[in-house]
Amino acid sequence: MDDKNKPARRKASFGATIKAVLWSFFGVRKRSDYEKDAEQLNPVHVIIAGIIGAIIFIATLLLIVKSVVAK
């Protein structure tokens, strides 16, 4: 098997995936960083990190709403 037929090796850690997902929630990202992430991030890690980020975001909103309504 030569280099062209080898599957792409994903090198980014789960921490790097969390960082990329948090930047995506914020909505601002350099093109070069996006391209680097697209090459290195594991898609399964991205899905897991996205779900975790969404849960944290919803929990934060619920806490804010409960504290405002309680006053």
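A few notes on this one:
- Proximal charge balance of Arg29 [Cβ under 13 Å; K/R count +1, D/E count -1]: +1
- GNM remark for the chain: springs join alpha carbons under 10 Å apart, and the peak mean-square fluctuation among Ala49, Ala59, Ala16 falls on Ala59.
- Kirkwood Rh in Å, taken over the chain so that all alpha-carbon pairs contribute: 14.2
- Between 0 and 90 degrees, the angle of helix 14-26 with respect to the longest Cα principal axis of the chain falls at about 60 degrees.
- For the chain, modelled as a GNM whose springs connect Cα atoms under 10 angstrom apart, the maximal fluctuation among Lys11, Lys19, Lys30 occurs at Lys30.
Every read-out reported here was derived from the displayed coordinates using simple, explicitly stated rules and does not represent laboratory data. None of the values given here were measured: they were computed from a predicted structure. Ideal geometry is used to build each Cβ from the backbone, glycine not excepted, and the neighbour counts take in all protein chains shown.
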